[in-house]
1. Counting other C-beta atoms within 10 Å, which of 305, 97 has the fewest, and how do the rest follow?
2. Along Cα→Cβ, 7 Å out, is where each label goes; now give me the distance between the ones at residue 165 and residue 149 in nm to one decimal.
3. Assuming 0.36 nm per residue, please report the length gained on full extension of the stretch residue 84 to residue 284 beyond their Cα-Cα distance.
4. In the stretch 224-310, if every C-alpha pair distance is counted and binned at 5 Å from zero, what percent goes to each bin?
5. When 105, 56 are ordered from fewest to most other Cβ atoms inside 10 Å of their Cβ, what list results?
6. So what's the convex hull volume per residue for the Cα atoms of the stretch 37-103, in Å³?
7. Is the stretch 257-304 rounded, prolate or oblate when judged by the Cα gyration tensor, a ≥ b ≥ c being the square roots of its eigenvalues, rounded requiring a/c under 1.5 and prolate requiring a/b larger than b/c?
8. Can you sort 273, 57 so the residue with the fewest Cβ neighbours within 10 Å comes first?
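Derivation of every value follows stated rules applied to the coordinates shown; laboratory data play no part. Values in this document were obtained by computation on a predicted structure and should not be read as measured data. Note: ideal-geometry Cβ built from the backbone for every residue, glycine included; neighbour counts use all protein chains shown.
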């Protein structure tokens, strides 16, 4: 049912593929994101899609491809997900149907694209596009993380130097001509930093709990949506993810209303997602995308123009990819 013909080359290819696929994939990002969310991390999604695409194009059956990915040093959680999916495929389920019960851990966007690829007979293209999509998303996240390193170092330096200096002033003015007790000051400063560290730990625990319940997304979404300068930066990143995923779903042949719904979820901003979903009822009523998205406030002028160009020229997928 799955995989392409390649009997003569399969034995030779498989050894090379096995070496390529069996690479360690458990990363800091995977472990850290596991604290905030039960979803599989972006790096592991890149690995999963790329390895499945490589195996499928080489003619390896999908069950064997899943087994190779499981042996590739991935996290235990993803390995268990793929093991359960493999069991469902052995019972006659398609790949999408086998993955759909794992929606708590796998993005619904990923499963829907797999389903569209199976229905249209383009699973190899969809797996390759998914790999490219998650690679782009990973680069985007890494770019944001790198750009935050220098401001983070500045903030840390300002905290330690500022707190050191401010707590030093009362000791200097309170000596009254007596010898400055440096050891007493150091003990007091370390005690202060210990209390500050405890507060930071409690805040971190609170963030983890909020992330597990989903409230963190709502809070951070509001901050990123309305507070300068976060609103300008995060809106561009979110719209980039929206248009990139829309182009992928449109190319997969998915219904337009479902394209919008799944792409809006990829923005990872509940408030922006709610705003983008306002276009869905108008699309279902038969309006054009330009008319439907006229009710959406977060869309950029460039995005509206590219939607219009894509609809008029019949090259919506290309236009969406370019604006992303």
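1. Details: 305 13, 97 17.
Sorted ascending by nearby Cβ count, the order is 305, 97.
2. 2.7 nm
3. Details: separation 200, 0.36 × 200 = 72.00 nm, distance 3.59 nm.
Gain on extension, residue 84 to residue 284, equals 68.4 nm.
4. 3, 15, 26, 30, 17, 6, 2, 0
5. 105, 56
6. On the way: hull volume 5.4 nm³, N = 67.
Hull volume normalised by residue count: 80 Å³.
7. Numbers: a/c = 1.92, a/b = 1.24, b/c = 1.55.
The shape class here is oblate.
8. Numbers: 273 20, 57 16.
In order of increasing Cβ crowding within 10 Å: 57, 273.
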